[in-house]
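The values are calculated or read from the model by the stated rules, or taken from the named source; none is laboratory data. No experiment lies behind these values; they were computed from the predicted model shown. Every residue, glycine as well, gets a Cβ built from its backbone with ideal geometry; the counts of neighbours run over all protein chains shown.
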Amino acid sequence: MKRTIKIAKDREDLRNWGWNPAWEASTQKLIEPGYLVGRVTAVLRGQFLLRLLDGERTGELTGRFRHLALNAAAFPAVGDWVLAQEAGPELALILGVLPRRNKLSRKEAGQEIQEQVLAANVDVVFVMTAFDEDFNVRRIERYAVMVRQAGMEPVVLINKSDLAQVDDARVAEARDVNPGGTVHRVSARTGEGLDLVRFYLPAGKTGIFLGSSGVGKSTLLNSLLGDEIQTTTPVRVSDGKGRHTTSTRQMFMLPAGGLVIDNPGLREIQLWADESALTEAFSEISSLARFCRYGDCTHGPESGCAVKEAVEKGTLPGDRYEGYLKLRKELSYLQRKQDPAEQAEHKRRWKSIHRAARALYRDREKNGG
Ligand SMILES: Nc1nc2c(ncn2[C@@H]2O[C@H](COP(=O)(O)OP(=O)(O)O)[C@@H](O)[C@H]2O)c(=O)[nH]1
Ligand SMILES: [Mg+2]
Ligand SMILES: [Zn+2]
């Protein structure tokens, strides 16, 4: 007999922030009575803004959480659901992050080979560019791999359509590098395409805008927010020592109930992805590859390569092929840099972290820190 999962009474209102029966079902064993469940709506330096049943609170990590976290990716990201404990009128202590449904990651900027989670538990990712000098299909390609890695299809928005002709060729160019995905013309200024964007964001669904700074992410968000008395200026939270920190990523609720994460422009989008994300993002190349003479064809110097033949015949654009090779090289470099021994150690430590986290959930006596 199929059992229907009902949302516990004391979490009912979290539906507005994306909680649903699926979340309830997958986390039943982790949520002990007395724990608060909340969503991370903003990440600040060392602090978090949490949406809990009784409203907004500042969240801080327990010492134990910090101790158990192996790397930056284990820390709460915007969109995460967390278990917390009340600690004063405006503060909550974060005990753990509930298992993520998905995560949008990049390689940390700089030399470090580390994963940085930009957002978690997202339903739709808008890859945003504009009808101006920002437009670059290679960048869309790169974002597409990132989104596929998170298990989603990118929705490409080309903003500032007021600057373009109706039949601007850039829409078709963007479609060509986003096979299977969608591309829309929008204008935060005139409102063109805004209804389409809203369509992706019904109540309780979470979307995120990715794209370079200057493409109009904040302006578009403001247009979606309409006349709501809400600004898209970053939140500032006091750390109690008189200092203020400014949020990087932040979640907003649209008038119709959809949730949107604004994101500052990422100067560098280094990928944190594997081969399968590349295969999906370049699905037309993957389809061609089935006709290569050798099963392990690298589409390089081999003879009988169907991918290169397609380039020669002009059915696959040469720069698309080169874009593919470049990203593949970047990903294999990333893989080599993640030393296998280190990865084994990583796995082993994660096991013990999960074990400890389970013990932590069970052991309510010790959950104070
Ligand atoms: N022409 C035009 N300009 C826009 C549009 N949307 C945003 N802008 C302008 O683009 C600039 C950058 O916008 P902003 O929202 O700050 O970009 P963000 O860095 O992606 O958040 C601002 O000067 C906006 O007024 C649009 O649809 N059309
Ligand atoms: Mg902005
Ligand atoms: Zn080949």
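A few comments on the model shown:
- Qualifying residue in segment 113-131 (condition: out of contact with any helix residue (DSSP H, G or I) (no Cβ under 8 Å at 6 or more places or on another chain) and surrounded by fewer than 18 Cβ atoms within 10 Å (Cβ to Cβ)): no
- Qualifying residue in segment 192-205 (condition: in contact with a Ser or Thr (Cβ under 7 Å, 6 or more places away or on another chain), at positive phi and at pLDDT 95 or above): yes
- Residues considered: 261, 285. Of these, the only one that is closer than 30 Å to residue 200 by Cβ, within 16 Å of ligand 2 (Cβ to nearest atom), modelled with pLDDT of 90 or more and aliphatic (A, V, I, L, M) is 261.
- Options 271, 278, 288: the member that is over 16 Å from residue 331 (Cα atoms) and crowded, with 19+ Cβ neighbours inside 10 Å: 288
- Of the residues making up segment 71-86, those that are in a loop (DSSP other than H, G, I, E, B) and buried (at least 17 other Cβ atoms within 10 Å of the Cβ) are 75, 76, 77, 78, 79, 80.
- Check on residue 307, within 16 Å of ligand 2 (Cβ to nearest atom), hydrophobic (A, V, I, L, M, F, W, C) and touching a Leu at 6+ places or on another chain (Cβ under 8 Å): no
- Verdict on residue 115 being in contact with a Ser or Thr (Cβ under 9 Å, 6 or more places away or on another chain) and under 27 Å from residue 336 (Cα atoms): yes
- Selected residue (only one of 68, 91, 95 is crowded, with 22+ Cβ neighbours inside 10 Å and either more than 20 Å from the chain's Cα centre (by Cα) or of a type in the set (Gly, Ala, Ser) (or both)): 95
- The number of residues in segment 182-200 that are surrounded by fewer than 21 Cβ atoms within 10 Å (Cβ to Cβ) and part of a loop (DSSP other than H, G, I, E, B) comes to 6.
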